[in-house]
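Beneath this line is the structure, given in structure tokens, with notes to follow.
Since every read-out is calculated from the coordinates, none of them should be taken as a lab result. Keep in mind the model is a prediction, meaning the values are calculated, not measured. Cβ sites come from the backbone with ideal geometry, for glycine too, and all protein chains shown count toward neighbours.
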Amino acid sequence: MNERELLAQPPESYMSEPQRAFFKQLLETQREELSCQIDSEFQALRTLEYSADAADIATREEQRQWQLRQLERQKKLIDKLDAALDRLAQGTYGWCEETGEPIGIARLLLRPTATLCIEAKQRQEQRERHVRQD
């Protein structure tokens, strides 16, 4: 099944076995690709050349810090992918954690780790904006 076929299915087939299989494959593929990317970036960090020039050292350290922040973000995404795979195994994947409503195929295709339907996500963002303004 591809994305077009997935989007063309009727609403009553939401989170049917073929749809769950599609998302399981998608999540596992994203996780594997991200794991390989993280491994590759860690290897690159380990093989950085050293220099006696202070400017080169500072530039390299800044680049290293940026790469470490990227790796942290990627690790958090792996954790989200693992959590999504767990929800899939438990049968709760695709359902909003706040309302119990379907998250929607289109939203899951854009963000396979989504845990909130669009309305609940908008409410969460409004609450966060309100808290920041106080």
Quiz item: Can you list the residues, at least 5 places off or on another chain, whose amide H is less than 5 Å from the amide H of W95, using H built in the peptide plane?
Solution: I103
Exercise. Go through [x] 1.13; [y] 1.03; [z] 1.06 and flag the label whose value is the computed Rg/Rh (Cα atoms, Kirkwood Rh) for this structure.
Key: [x]
Practice problem: Enumerate cysteines in the chain without a disulfide-compatible partner, where compatibility requires another Cys Cβ under 4.7 angstrom. | Solution: C36
Quiz prompt | Helix-derived mean residue ellipticity, 222 nm - over the chain, DSSP H n ≥ 4, -39500 (n - 2.57), to 500 | solution = -24000 deg cm²/dmol
